[in-house]
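In what follows, a single structure is set out as structure tokens and then discussed.
The values are calculated or read from the model by the stated rules, or taken from the named source; none is laboratory data. Small disclaimer: the values here were computed from a predicted structure and weren't measured. Ideal geometry is used to build each Cβ from the backbone, glycine not excepted, and the neighbour counts take in all protein chains shown.
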Amino acid sequence: MKLYATITVVLLVLGVHAGNGGKRQLPALGRPMREAFYMDPDFVQLNHGAYGTYPKVVGDALREYQQRSERNPDLWLRRDAKTELAKVRQMLADLVNADSADVVMVPNTTGGINAVFRSLVFAAGERILHLSSIYNSMGSIIQYLVDYSNGSLSKLVFDVTYPMSNEDFLLAFETFLNQTEDPAHPIRIALIDHITSVPSIVNPIERIIPMLKQRNISVLIDGAHAIGQVPINITALQPDYYVTNCHKWLYAARGCALLYVDKKYQGEVHPAQINSGYSQPANFQNEFFWTGTMDYSSYMTVPTALQFRREAGGEDVIMKYNHDLAYNGGRRMAELFGTSIMQDEEQIGSMVDVRLPVNNPDDSKLDGEWWIDEQLYRHPNTFSSVYKHNGSWWVRVSAQIYNDLSDFELSAQHFLDICNELNMNDQTTTTSTTTTSASTTTDNSNSASSNVIM
Ligand SMILES: *[C@@H]1O[C@H](CO)[C@@H](O)[C@H](O)[C@H]1NC(C)=O
Ligand SMILES: *[C@@H]1O[C@H](CO)[C@@H](O)[C@H](O)[C@H]1NC(C)=O
Ligand SMILES: *[C@@H]1O[C@H](CO)[C@@H](O)[C@H](O)[C@H]1NC(C)=O
Ligand SMILES: *[C@@H]1O[C@H](CO)[C@@H](O)[C@H](O)[C@H]1NC(C)=O
Ligand SMILES: *[C@@H]1O[C@H](CO)[C@@H](O)[C@H](O)[C@H]1NC(C)=O
Ligand SMILES: *[C@@H]1O[C@H](CO)[C@@H](O)[C@H](O)[C@H]1NC(C)=O
């Protein structure tokens, strides 16, 4: 069966390469779609959100562009790369409903956010606002600015603890903005995640952005997880700055992100590493086009990634499949654990956070690399990120077009095995709840995960 599927895919791919012009027929969404990606056959990928992964056709395009640049490096770097890049920017601008003159490519969101923050000239006493759920790299950038400001810049952090509905968030956030208002210390800029990394929450940025802009606070949206996971409409949202990784949910090759800057700020934004294109005011497109001698091929995989997405059913079909799977899969896991998921449905894109059945969340074993070791080396057939939030342990699970519900059940079994072992070793707490939930899953037990003994 598997061999047959492989042969079919090989033939289909060959068919396209032979230039038959016909529409490539991709495998169906769900497990069959794994054939279109590179994952090991016995590995169940449920952590797409961390690094992304791309389909084989994107891998082919990547290598093709790498070779093309070597055939005649001058022709490529002096002329053709610029033309190709303009096409990439146009396609992405169309997808997010922005003017292509307002977007540039950067290797990653961290680079884009460094560019924005490090271009700002702060006045003494100003503050930077962010949520406590900020991604650690972005938190580091803000901390760096504060540390090197000689005491003239400070940060303001809005603490979030989930579960919390979007309505509760908005009310608490507005109250916080009212209470912290201080004309002597204006908030110059706020960094808000479109979708936070952990916990993975789709924030109501369409309501957060106007709330901030009304208060004369610039808004930088960290959309690291957004493009390809949720629709983005820059014209409707009107952020001042927006950065998103194309190598996570959009299926481009790694090292590919989009930076949008409102026209009124483009003259002030330079790449974090200044290059020969530097000018005052900034020539936005020119400065970001050539940021040094690097391989730009990952940017060039965007057209192939978008073509693949159209053939897989299009943006709406992919997003709906992944959303429904995250929501249903997360609830299935919670049912097997005897716990709950963190999000309301509207807070879910393609990732879901499920509370793990850990009896003693403060067990010292859980600090450090223990979880990673267990998952990668002792139970190595699937992986998802675990983290502690407000005193409980959670797992963030990604849904992708190559997954189906059985993958979530396998992951649940994997975590039950790990948690049961942990709970059994933990003499100080009762194990009754977990034992009950574990016994309900016997029918779904997957031998692969329990056979691994090292
Ligand atoms: C992210 O991009 C910046 C440039 O924008 C680059 O300096 C940095 O090395 C990149 N980081 C990674 C992990 O690729
Ligand atoms: C740093 O701040 C101190 C105290 O306000 C001030 O005396 C000093 O001149 C500042 N240094 C620089 C380099 O601005
Ligand atoms: C966070 O934990 C505290 C202490 O266990 C609890 O009282 C509170 O309800 C939790 N918050 C949320 C949002 O669950
Ligand atoms: C915040 O302040 C504004 C202006 O004073 C007021 O209209 C609004 O109701 C306040 N919001 C909250 C949640 O307190
Ligand atoms: C709005 O913020 C800018 C700095 O970002 C400042 O120059 C300007 O004076 C502020 N406007 C008001 C009305 O506070
Ligand atoms: C994006 O927003 C604009 C402005 O609100 C609207 O006219 C347009 O129809 C929206 N596009 C999509 C695809 O929703």
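For the range 262-285, the count of residues that are buried (at least 16 other Cβ atoms within 10 Å of the Cβ) and under 18 Å from Val58 (Cα atoms) is zero.
Is it fair to say Pro41 is exposed (fewer than 14 other Cβ atoms within 10 Å of the Cβ), of a type outside the set (Gly, Ala, Ser) and out of contact with any Cys (no Cβ under 8 Å at 6 or more places or on another chain)? Considered against the rule, which asks whether it is exposed (fewer than 14 other Cβ atoms within 10 Å of the Cβ), of a type outside the set (Gly, Ala, Ser) and out of contact with any Cys (no Cβ under 8 Å at 6 or more places or on another chain), Pro41 comes out as yes.
For the range 149-173, a residue qualifies if it is out of contact with any strand residue (DSSP E or B) (no Cβ under 7 Å at 6 or more places or on another chain), of a type in the set (Ser, Thr, Tyr) and within 16 Å of ligand 2 (Cβ to nearest atom), and the qualifying residues are Ser149, Ser152. Taking each residue of the range 109-123 that is more than 16 Å from Phe284 (Cβ to Cβ) and looking for partners that are among the basic types (Lys, Arg) and more than 16 Å from ligand 6 (Cβ to nearest atom) with beta-carbon atoms closer than 8 Å, six or more apart or interchain, yields Phe122/Arg188; Ala123/Arg188. Of the residues Thr161, Thr109, Thr180, the single one that is surrounded by fewer than 20 Cβ atoms within 10 Å (Cβ to Cβ) and closer than 23 Å to Val397 by Cβ is Thr161. Taken across the range 235-243, residues that are hydroxyl-bearing (Ser, Thr, Tyr), out of contact with any His (no Cβ under 6 Å at 6 or more places or on another chain) and farther than 25 Å from Arg309 by Cβ do occur, with at least one present.
A count restricted to the range 284-303 and to residues that are under 14 Å from Leu258 (Cα atoms) and polar (S, T, N, Q) stands at 3. Exactly one residue among Asn114, Asn150 is within 16 Å of ligand 1 (Cβ to nearest atom) and either at pLDDT 95 or above or assigned to a loop (DSSP other than H, G, I, E, B) (or both), and that residue is Asn114.
Filter the strands (runs of 3 or more DSSP E) completely within the range 196-261 down to those with at least 3 residues that are in contact (Cβ under 8 Å) with a residue 12 or more places away in the chain and over 28 Å from Lys388 (Cα atoms).
Values: elements: 218-222, 241-245, 257-261.
By residue number, 257-261.
Report yes if some residue within the range 326-347 is in a helix (DSSP H, G or I), closer than 24 Å to Arg254 by Cβ and not assigned by TED's automatic domain parsing to the domain that holds Met105; otherwise report no.
Of all residues in the range 326-347, those in a helix (DSSP H, G or I) come to 326-337, 345-347.
Then drop every residue that is not closer than 24 Å to Arg254 by Cβ, which leaves 326.
Add one more test, that the residue is not assigned by TED's automatic domain parsing to the domain that holds Met105, and what stays is 326.
Yes, the conditions are met somewhere in the range 326-347.
Residues of the range 164-192 being within 16 Å of ligand 3 (Cβ to nearest atom), of a type in the set (A, V, I, L, M) and part of a helix (DSSP H, G or I), which ones? Selection gives Leu170, Leu171, Ala172.
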